[in-house]
Amino acid sequence: MKETEGTPVHVSLPSIYVAAHELKAPLVLMRQLALELRSSSSEDAQTIERLLLTVERSLRLVEQLTKTSRLEDSLFESEPVLARAICQAVSDELTPFAKASGQEIVVRVSRKSGVAIGHRSLLTALLVNLCDNAIAHNPTGSKVIIAANATKKGVLFSVKDEGPRLSHGIFDAMRLQLGKGPLPASDRPRSSGLGLWIASRFSEAMGGTMTMTRHHAAGITVSLELPHSKQMSLL
(Lines give C-alpha, C1' and ligand atoms only; values in the text may rest on other atoms or scores of the structure.)
Protein backbone atom coordinates (compact mmCIF):
# COMPACT_ATOMS: atom_id res chain seq x y z
CA MET A 1 0.00 0.00 0.00
CA LYS A 2 1.34 3.41 -0.97
CA GLU A 3 1.58 6.23 1.56
CA THR A 4 1.36 9.95 0.93
CA GLU A 5 3.32 12.79 2.50
CA GLY A 6 2.87 13.01 6.26
CA THR A 7 1.15 9.63 6.62
CA PRO A 8 2.30 7.56 9.66
CA VAL A 9 2.54 3.75 9.49
CA HIS A 10 3.16 0.79 11.82
CA VAL A 11 4.99 -2.52 11.22
CA SER A 12 5.86 -5.56 13.37
CA LEU A 13 8.80 -6.40 15.64
CA PRO A 14 11.74 -8.58 14.46
CA SER A 15 12.79 -11.94 15.86
CA ILE A 16 15.59 -11.61 18.44
CA TYR A 17 16.70 -15.18 17.68
CA VAL A 18 17.22 -14.39 14.00
CA ALA A 19 19.01 -11.16 14.89
CA ALA A 20 21.43 -13.04 17.13
CA HIS A 21 22.04 -15.58 14.36
CA GLU A 22 22.92 -12.85 11.86
CA LEU A 23 25.28 -11.14 14.30
CA LYS A 24 27.17 -14.35 15.11
CA ALA A 25 29.28 -14.48 11.93
CA PRO A 26 30.78 -10.96 12.11
CA LEU A 27 31.37 -11.29 15.84
CA VAL A 28 33.23 -14.57 15.38
CA LEU A 29 35.35 -12.91 12.69
CA MET A 30 36.13 -10.00 15.01
CA ARG A 31 37.30 -12.43 17.67
CA GLN A 32 39.56 -14.22 15.20
CA LEU A 33 41.03 -10.96 13.96
CA ALA A 34 41.64 -9.82 17.52
CA LEU A 35 43.49 -13.07 18.24
CA GLU A 36 45.66 -12.47 15.18
CA LEU A 37 46.51 -8.99 16.43
CA ARG A 38 47.42 -10.30 19.88
CA SER A 39 49.74 -12.98 18.50
CA SER A 40 51.39 -10.66 15.96
CA SER A 41 54.89 -9.47 16.84
CA SER A 42 54.56 -6.41 14.64
CA GLU A 43 51.87 -3.95 13.66
CA ASP A 44 49.52 -5.33 11.02
CA ALA A 45 47.68 -2.42 9.43
CA GLN A 46 45.68 -4.63 7.07
CA THR A 47 44.33 -6.82 9.86
CA ILE A 48 43.50 -3.79 11.97
CA GLU A 49 41.62 -2.24 9.05
CA ARG A 50 39.64 -5.45 8.49
CA LEU A 51 38.77 -5.53 12.16
CA LEU A 52 37.53 -1.94 12.15
CA LEU A 53 35.47 -2.45 9.01
CA THR A 54 33.91 -5.60 10.44
CA VAL A 55 33.04 -3.74 13.63
CA GLU A 56 31.46 -0.94 11.61
CA ARG A 57 29.33 -3.40 9.64
CA SER A 58 28.16 -5.03 12.88
CA LEU A 59 27.29 -1.64 14.35
CA ARG A 60 25.27 -0.77 11.25
CA LEU A 61 23.31 -3.97 11.58
CA VAL A 62 22.69 -3.36 15.28
CA GLU A 63 21.48 0.16 14.49
CA GLN A 64 19.12 -1.15 11.83
CA LEU A 65 17.77 -3.80 14.19
CA THR A 66 17.19 -1.10 16.78
CA LYS A 67 15.22 0.93 14.27
CA THR A 68 13.23 -2.14 13.27
CA SER A 69 12.33 -2.88 16.89
CA ARG A 70 10.96 0.65 17.25
CA LEU A 71 8.83 0.63 14.12
CA GLU A 72 5.79 -0.78 15.89
CA ASP A 73 5.72 1.96 18.50
CA SER A 74 6.85 4.86 16.32
CA LEU A 75 5.29 7.08 13.72
CA PHE A 76 7.51 7.99 10.78
CA GLU A 77 6.48 11.13 8.93
CA SER A 78 7.17 10.93 5.21
CA GLU A 79 9.26 13.70 3.69
CA PRO A 80 10.81 14.74 0.37
CA VAL A 81 14.18 13.04 -0.21
CA LEU A 82 16.54 13.81 -3.07
CA ALA A 83 17.35 10.53 -4.82
CA ARG A 84 20.86 11.48 -5.89
CA ALA A 85 21.84 12.73 -2.43
CA ILE A 86 20.63 9.54 -0.73
CA CYS A 87 22.44 7.23 -3.18
CA GLN A 88 25.67 9.21 -2.94
CA ALA A 89 25.55 9.26 0.88
CA VAL A 90 25.20 5.46 0.91
CA SER A 91 28.11 5.11 -1.52
CA ASP A 92 30.31 7.44 0.55
CA GLU A 93 29.60 5.45 3.72
CA LEU A 94 30.31 2.03 2.24
CA THR A 95 33.09 2.75 -0.28
CA PRO A 96 35.87 2.05 2.27
CA PHE A 97 34.25 -1.27 3.15
CA ALA A 98 33.87 -2.16 -0.55
CA LYS A 99 37.49 -1.25 -1.32
CA ALA A 100 38.73 -3.38 1.57
CA SER A 101 36.82 -6.27 0.01
CA GLY A 102 38.33 -5.61 -3.43
CA GLN A 103 35.08 -4.25 -4.83
CA GLU A 104 33.66 -1.03 -6.23
CA ILE A 105 30.41 0.84 -5.55
CA VAL A 106 28.92 2.51 -8.61
CA VAL A 107 26.16 5.15 -8.39
CA ARG A 108 23.82 5.51 -11.36
CA VAL A 109 21.09 8.10 -10.80
CA SER A 110 18.88 9.38 -13.60
CA ARG A 111 18.45 13.15 -13.75
CA LYS A 112 14.71 12.53 -13.98
CA SER A 113 14.61 10.60 -10.71
CA GLY A 114 14.32 13.84 -8.77
CA VAL A 115 12.70 13.83 -5.34
CA ALA A 116 10.83 10.93 -3.74
CA ILE A 117 8.54 10.73 -0.74
CA GLY A 118 9.98 8.54 2.02
CA HIS A 119 11.85 8.75 5.29
CA ARG A 120 15.47 9.86 4.99
CA SER A 121 16.85 7.74 7.84
CA LEU A 122 14.91 4.59 6.94
CA LEU A 123 15.67 4.88 3.22
CA THR A 124 19.38 5.38 3.88
CA ALA A 125 19.45 2.44 6.30
CA LEU A 126 17.56 0.28 3.80
CA LEU A 127 20.02 0.97 0.97
CA VAL A 128 23.04 0.61 3.27
CA ASN A 129 21.71 -2.76 4.38
CA LEU A 130 21.18 -3.98 0.81
CA CYS A 131 24.67 -2.77 -0.19
CA ASP A 132 26.20 -4.46 2.86
CA ASN A 133 24.58 -7.72 1.76
CA ALA A 134 25.74 -7.23 -1.82
CA ILE A 135 29.35 -6.70 -0.74
CA ALA A 136 29.19 -9.78 1.48
CA HIS A 137 28.04 -11.98 -1.42
CA ASN A 138 30.10 -10.45 -4.22
CA PRO A 139 33.41 -11.98 -5.35
CA THR A 140 36.58 -9.88 -5.34
CA GLY A 141 36.78 -7.52 -8.30
CA SER A 142 33.03 -7.11 -8.69
CA LYS A 143 30.69 -4.12 -8.41
CA VAL A 144 27.71 -3.05 -6.35
CA ILE A 145 25.44 -0.74 -8.34
CA ILE A 146 23.20 1.74 -6.51
CA ALA A 147 20.67 3.29 -8.88
CA ALA A 148 17.65 5.56 -8.92
CA ASN A 149 15.37 6.00 -11.90
CA ALA A 150 12.07 7.72 -12.58
CA THR A 151 8.98 5.57 -13.17
CA LYS A 152 5.38 6.41 -14.02
CA LYS A 153 4.47 6.05 -10.33
CA GLY A 154 7.53 7.55 -8.66
CA VAL A 155 11.22 6.81 -8.08
CA LEU A 156 12.74 3.34 -8.28
CA PHE A 157 15.78 2.81 -6.03
CA SER A 158 17.79 -0.37 -6.62
CA VAL A 159 20.89 -2.25 -5.49
CA LYS A 160 22.44 -4.81 -7.83
CA ASP A 161 25.06 -7.34 -6.79
CA GLU A 162 27.18 -9.80 -8.76
CA GLY A 163 26.99 -12.62 -6.23
CA PRO A 164 26.43 -16.33 -6.88
CA ARG A 165 23.70 -17.21 -9.35
CA LEU A 166 20.53 -18.21 -7.51
CA SER A 167 18.60 -21.29 -8.54
CA HIS A 168 15.01 -20.75 -9.70
CA GLY A 169 13.69 -22.57 -6.63
CA ILE A 170 15.62 -20.51 -4.09
CA PHE A 171 14.85 -17.25 -5.85
CA ASP A 172 11.12 -17.99 -6.05
CA ALA A 173 11.11 -18.92 -2.35
CA MET A 174 12.90 -15.68 -1.45
CA ARG A 175 10.52 -13.62 -3.54
CA LEU A 176 7.44 -15.23 -1.99
CA GLN A 177 8.90 -14.77 1.50
CA LEU A 178 9.77 -11.11 0.92
CA GLY A 179 8.27 -9.08 3.75
CA LYS A 180 7.06 -12.13 5.69
CA GLY A 181 10.25 -13.22 7.46
CA PRO A 182 13.92 -14.20 6.98
CA LEU A 183 14.74 -17.01 4.56
CA PRO A 184 18.35 -18.24 4.32
CA ALA A 185 19.49 -18.89 0.74
CA SER A 186 21.48 -22.11 0.34
CA ASP A 187 23.00 -20.66 -2.83
CA ARG A 188 24.50 -17.94 -0.62
CA PRO A 189 25.89 -19.69 2.47
CA ARG A 190 26.65 -16.47 4.36
CA SER A 191 23.06 -15.25 4.09
CA SER A 192 20.54 -15.66 6.93
CA GLY A 193 17.89 -13.68 5.06
CA LEU A 194 17.71 -11.13 7.86
CA GLY A 195 19.09 -8.24 5.81
CA LEU A 196 16.43 -8.53 3.14
CA TRP A 197 13.74 -8.86 5.80
CA ILE A 198 14.92 -5.70 7.59
CA ALA A 199 14.87 -3.85 4.26
CA SER A 200 11.31 -5.03 3.61
CA ARG A 201 10.23 -3.75 7.05
CA PHE A 202 11.70 -0.32 6.30
CA SER A 203 10.03 -0.39 2.90
CA GLU A 204 6.67 -1.16 4.48
CA ALA A 205 7.14 1.66 7.00
CA MET A 206 7.53 4.10 4.09
CA GLY A 207 4.65 2.66 2.09
CA GLY A 208 7.04 1.51 -0.61
CA THR A 209 6.98 -1.50 -2.93
CA MET A 210 9.96 -3.90 -2.94
CA THR A 211 10.74 -6.30 -5.75
CA MET A 212 13.55 -8.73 -6.62
CA THR A 213 15.07 -9.55 -10.01
CA ARG A 214 17.23 -12.61 -10.66
CA HIS A 215 19.90 -12.16 -13.31
CA HIS A 216 20.74 -15.02 -15.64
CA ALA A 217 24.51 -14.67 -15.41
CA ALA A 218 24.87 -13.87 -11.71
CA GLY A 219 23.51 -11.74 -8.93
CA ILE A 220 20.19 -10.17 -8.05
CA THR A 221 18.72 -6.68 -7.98
CA VAL A 222 16.52 -5.57 -5.09
CA SER A 223 14.37 -2.55 -5.89
CA LEU A 224 12.18 -0.16 -3.91
CA GLU A 225 9.64 2.13 -5.51
CA LEU A 226 8.54 5.29 -3.69
CA PRO A 227 6.12 7.97 -4.93
CA HIS A 228 7.35 11.24 -6.40
CA SER A 229 7.24 14.30 -4.17
CA LYS A 230 4.64 16.94 -4.93
CA GLN A 231 7.22 19.45 -3.75
CA MET A 232 9.68 18.67 -6.57
CA SER A 233 9.29 22.10 -8.12
CA LEU A 234 10.13 23.75 -4.80
CA LEU A 235 13.35 21.79 -4.36
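For the stretch 151-174, a residue qualifies if it is at pLDDT 90 or above and either in contact with a Cys (Cβ under 9 Å, 6 or more places away or on another chain) or buried (at least 17 other Cβ atoms within 10 Å of the Cβ) (or both), and the qualifying residues are Gly154, Val155, Leu156, Phe157, Ser158, Val159, Lys160, Asp161, Glu162. Of the strands (runs of 3 or more DSSP E) lying entirely inside the stretch 71-167, those containing at least 3 residues that are within 27 Å of His216 (Cα to Cα) span 104-109, 143-150, 154-160. The listed residues are Val90, Val107, Val81, and the only one of them that is at pLDDT 85 or above, in contact with a helix residue (DSSP H, G or I) (Cβ under 7 Å, 6 or more places away or on another chain), under 19 Å from Gly163 (Cα atoms) and among the β-branched types (Val, Ile, Thr) turns out to be Val107.
In the stretch 184-234, the qualifying residues are those that are of a type in the set (Asp, Glu) and out of contact with any Pro (no Cβ under 8 Å at 6 or more places or on another chain), and the one that is modelled with the highest pLDDT is Glu225. The requirement of being surrounded by 15 or more Cβ atoms within 10 Å (Cβ to Cβ) and closer than 27 Å to Ile48 by Cα is satisfied by Val90.
The values are calculated or read from the model by the stated rules, or taken from the named source; none is laboratory data. Given the structure is predicted, the values throughout are model-derived calculations rather than measurements. When we count neighbours, we look across all protein chains shown, and the Cβ atoms used for this are built from the backbone with ideal geometry, even at glycine.
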